[in-house]
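What follows is one structure encoded as structure tokens, with my remarks underneath.
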Amino acid sequence: MLARVLSSSLIGIDPYLVEVEVNVEGHAFRYSTVGLPELAVRESKDRVISAIKNSGFRFPPKAYTINLAPADIKKEGSAFDLPIAIGILAALGIVIHEDLEDYVLMGELSLDGTLRGVKGALPSAVGVHEHEMKGLILPAQNAREAAVTGNIDVIPVNTLLEAIRFLNGEQIIEPVEVNADQLFSEAQSYPVDLADVRGQAHVKRALEVAAAGGHNVLMIGPPGSGKTMLAKRFPTILPQMTLGEALETTKIHSIAGMVKTEGLVATRPFRSPHHTISDAALVGGGRIPRPGEVSLAHHGVLFLDELPEFQKNVLEVLRQPLENTEVTISRASMSLTYPANFILLSAMNPCP
């Protein structure tokens with residue numbers, strides 16, 4: 001029997017729908033996943049089988065074929081666990097098919113059937129809205145983050161069994177609702193303030209000018225003069241983020257799995273990488289390109305302390321993001337562009 005479930009994945013910060021097709025036939029056990037699955041997706045086999053059994057359902061010995069379409073794009077991450085499990089149960093006749101195409105499913109399964117949080121919930125929710133679908137079923141840990149977008153039903157589930165009961169109409173789960181404007185205003189607070197600094201009037205004046213005009217800054221002074229302290233307080237005098245800027249920044253942090261429980265990044269990011277950082281970690285990279293520090297500092301501040309200690313090739317790669325406010329990462333399989341609009345703040349000791 002054939003079943004079809006919808007899930008979501010990302011190319012850069014752009015979401016796209018993934019059709020999880022499950023075919024079950026025969027009486028000899030075989031399990032295969034096709035559609036360019038990466039290692040984490042291929043490993044879902046053991047998680048899915050254990051979760052189904054530990055949720056109280058039989059897993060009969062049949063031939064299971066799972067196809068992730070479109071088949072020409074690599075699929076990565078553990079968010080396909082839940083849709084694969086639901087697809088198998090739908091093909092076995094345990095989950096009712098009617099409502100499956102109304103919802104997008106995401107979630108990582110534990111062996112006991114509980115759900116763990118996933119990355120990219122916010123951009124995936126935006127994609128669900130763009131495709132005019134009814135809602136998104138995902139782990140409760142990601143519900144507030146996804147609900148920030150509004151316009152769709154965000155259904156939080158804690159276990160595979162809860163998801164099955166909801167889809168079968170046996171359990172009512174109220175969608176999570178978040179007042180984005182209220183959440184945005186409540187989250188706009190900084191733990192430090194430039195007003196805490198006594199003295200250093202000339203430096204504070206320079207930082208105020210830089211904040212007003214969006215200028216980059218280089219501070220030169222002896223150790224202990226307060227360069228790092230002033231830098232940490234610089235974001236507090238920048239203009240407050242707009243809701244649009246907050247959503248764009250939260251998308252990037254969501255992809256990196258760095259969104260906190262409140263679900264929205266409402267303060268200007270402040271990123272301060274160590275001087276031993278590699279060029280790939282600074283601008284983004286990896287086999288499957290991920291956002292780097294310049295993108296995590298989008299709409300905020302990138303602080304490079306002890307500037308002369310950074311390797312030359314690391315500083316060279318800052319040219320494109322500083323000039324174009326974005327960074328393009330090219331690999332043999334794909335080319336991704338991440339936003340990187342930040343103020344560069346740097347500090348160094350005087351030359352000996």
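The values are calculated or read from the model by the stated rules, or taken from the named source; none is laboratory data. The structure displayed is predicted, hence computed values, not measured ones. Don't worry about glycine lacking a Cβ; one is built from the backbone with ideal geometry, like all the others, and counts go over all protein chains shown. The protein model used for the area step is the full one, side chains on, heavy atoms only, and it has no ligands, DNA or RNA in it. Shrake-Rupley method; radii C 1.70, N 1.55, O 1.52, S 1.80 Å.
Given a Förster distance of 35 Å, report the FRET efficiency between Y31 and E326 from their Cβ-Cβ distance, rounded to the nearest 0.05.
Approximately 0.25, to the nearest 0.05.
Going by amide H atoms built from the backbone, whose H comes under 5 Å of the H on I277, apart from near neighbours?
Under 5 Å from the amide H of I277 lies no amide H from a residue far enough along the sequence or on another chain.
Rounded to the nearest 10 degrees, what's the angle between the helix 201-213 long axis and the longest principal axis of the chain, both from Cα atoms, 0 to 90?
Computed tilt is about 50 degrees.
Summing Lys, Arg as +1 and Asp, Glu as -1, what charge do residues with Cβ under 12 Å from the Cβ of S295 carry, S295 excluded?
Around S295, the surrounding residues sum to 0.
When only C-alpha pairs under 8 Å and at least 6 residues apart count, what is the relative contact order of the stretch 217-328, in percent?
Once divided by the residue count of the stretch 217-328, the mean separation gives 24 percent.
7 Å from Cα along Cα→Cβ at both T228 and I11: what's the point-to-point distance in nm?
Computed distance between label sites T228 and I11 equals 4.2 nm.
Give the relative contact order (percent, whole number) for the stretch 26-76; include only Cα pairs under 8 Å separated by 6+ residues.
For the stretch 26-76, the relative contact order is 63 percent.
Could you pull out which residues in the stretch 209-244 have an amide N less than 20 Å from a spot 7 Å beyond the Cα of E186, following the Cα-Cβ vector?
Counting backbone N atoms under 20 Å from the label point, the list is 241-244.
Among residues other than S32 whose Cβ falls under 13 Å from its Cβ, what is the net charge (Lys/Arg +1, Asp/Glu -1)?
Summing Lys/Arg as +1 and Asp/Glu as -1 gives +2.
Go through the stretch 234-246 residue by residue and turn each phi into a ³J(HN,Hα) via Karplus (6.51, -1.76, 1.60, θ = phi - 60°); whole Hz please, and just put x for glycine and proline.
4, x, 6, 9, 6, x, 4, 5, 7, 5, x, 5, 5
Can you give me the relative contact order of the chain as a percent, contacts being Cα pairs under 8 Å and 6 or more apart?
Relative contact order, the chain: 14 percent.
Mind pulling the angle between the C-alpha long axis of helix 81-91 and the longest principal axis of the chain? Nearest 10 degrees, somewhere in 0 to 90.
Approximately 20 degrees, to the nearest 10.
Given a 1.4 Å probe and every protein chain left where it sits, what share in percent of the accessible area of the chain is carbon and sulfur?
C and S atoms contribute 50 percent here.
Multiply the residue separation of R287 and K312 by 0.36 nm, subtract the distance between their alpha-carbon atoms, and state the gained length in nm to one decimal.
6.7 nm
Rank by packing, highest mean first: peptides 69-80, 117-128, with packing defined as the count of other Cβ atoms within 10 Å averaged across residues.
117-128, 69-80
Between the stretch 67-142 and the stretch 315-352, how many Å separate their Cα centres?
34 Å
Excluding residues on the same chain fewer than 8 positions from K119, give the lysines whose Cα lies under 16 Å from its Cα.
Qualifying lysines at Cα under 16 Å: K75, K251, K260.
Using only the alpha-carbon atoms of the chain as identical scatterers, what base-10 log of I(q)/I(0) does the Debye formula give at q = 0.07 Å⁻¹?
Rounded to two decimals, the profile gives -0.37.
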